[in-house]
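J.: Submitted below is the structure of interest, expressed as structure tokens.
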Amino acid sequence: MRPAALLTAVAGIAIVTGMLAAGRERFSGDDGAAIESEAPAPAVLEAASAAPPPALKPPAPEISMSARPVDSGSQFYPAEVDGRPLERVAAPEPEKPKPEPKKGAVLPRPVAESAGVLAFGDRKLALAGILPTPDDKSCKDGDGSDWPCGMLAKTNFRLFLRLRSVTCDLDDVNWKGTATASCKIGTQDLSEWLAENGWAEAAPGSAFAAASETARADKKGIFGDDPRKGAPIAPPADPPPDDNPLDPT
């Protein structure tokens, strides 16, 4: 290599090395000054810690005068509405489930054992709400003579039934012995018919008591004279039509 080219290369390396060293010193000096300028002075820290906290601003007088004291019982609802105090209203009681009505049992071909008792073979059914009239009962008419009112009551009841099926509020159609139930032919209650026509007395406290007293006042049935005197016994009026499709009569 030529001596002139070698000297030029050495001089160039020396210049570059000097420039890098000068730049490094410059940048390291600027960063140290910046860090020192960002750190707070000790006097500033002491002044900040010694300063009292700012005082709270009191509420406006118009707000404090209209405020209402709140307790645990009124924090969720106003004490008054339209100037009137609130009243506690009792919660409504839940409705009790209504009992399901009994399904009527259809009993065919009843026989009147007496005015108030039906017979189905060897089983008996006493009508509810009345006192059955025994078939051997004897009554006195206006002139003091006796007449077989119990037998006539049974006869009139048989004429009314005419072996038609009855619908009774029985829980079990296979009862034994004697049971008590309310029975109807169509919409006509049998106990009510007996009480209205005076062929049986209403039981104490029965719903048919008023009808029985009216029959007594009108001297119907067992409360009157012997119906065989004078005109012959007329068959009782037909009840409302029986809508029972199982009744062939």
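The values are calculated or read from the model by the stated rules, or taken from the named source; none is laboratory data. What you see is a predicted model, and the numbers here were worked out from it, not measured in a lab. When we count neighbours, we look across all protein chains shown, and the Cβ atoms used for this are built from the backbone with ideal geometry, even at glycine. The accessibility values were calculated without ligands, DNA or RNA, using every heavy atom of the protein model including side chains. Shrake-Rupley method; radii C 1.70, N 1.55, O 1.52, S 1.80 Å.
J.: Quick check on residue 178: is it among the hydroxyl-bearing types (Ser, Thr, Tyr), touching a strand residue (DSSP E or B) at 6+ places or on another chain (Cβ under 9 Å), open to solvent by 60 Å² or more (accessible area, probe 1.4 Å) and touching a residue at least 40 places away in the same chain (Cβ under 8 Å)?
T.: So residue 178 passes the test.
J.: May I pose another question? For region 137-167, enumerate the residues that are of a type in the set (Asp, Glu) and part of a strand (DSSP E or B).
T.: Passing the criteria: only 146.
J.: Same structure, new question: Taking region 191-202, which residues are part of a helix (DSSP H, G or I) and either touching a helix residue (DSSP H, G or I) at 6+ places or on another chain (Cβ under 8 Å) or open to solvent by 30 Å² or more (accessible area, probe 1.4 Å) (or both)?
T.: If we filter region 191-202 for residues that are part of a helix (DSSP H, G or I), which is where we start, we get 191-196.
Result: 192, 193, 194, 195, 196.
J.: Here's something else I'd like to know. Return the residues of region 163-213 that are of a type in the set (Val, Ile, Thr) and more than 36 Å from the chain's Cα centre (by Cα); say none if nothing qualifies.
T.: 178
J.: Only one of (1) out of contact with any Cys (no Cβ under 8 Å at 6 or more places or on another chain); (2) over 19 Å from residue 226 (Cα atoms); (3) buried (at least 16 other Cβ atoms within 10 Å of the Cβ) fails for residue 168. Which number is that?
T.: (1)
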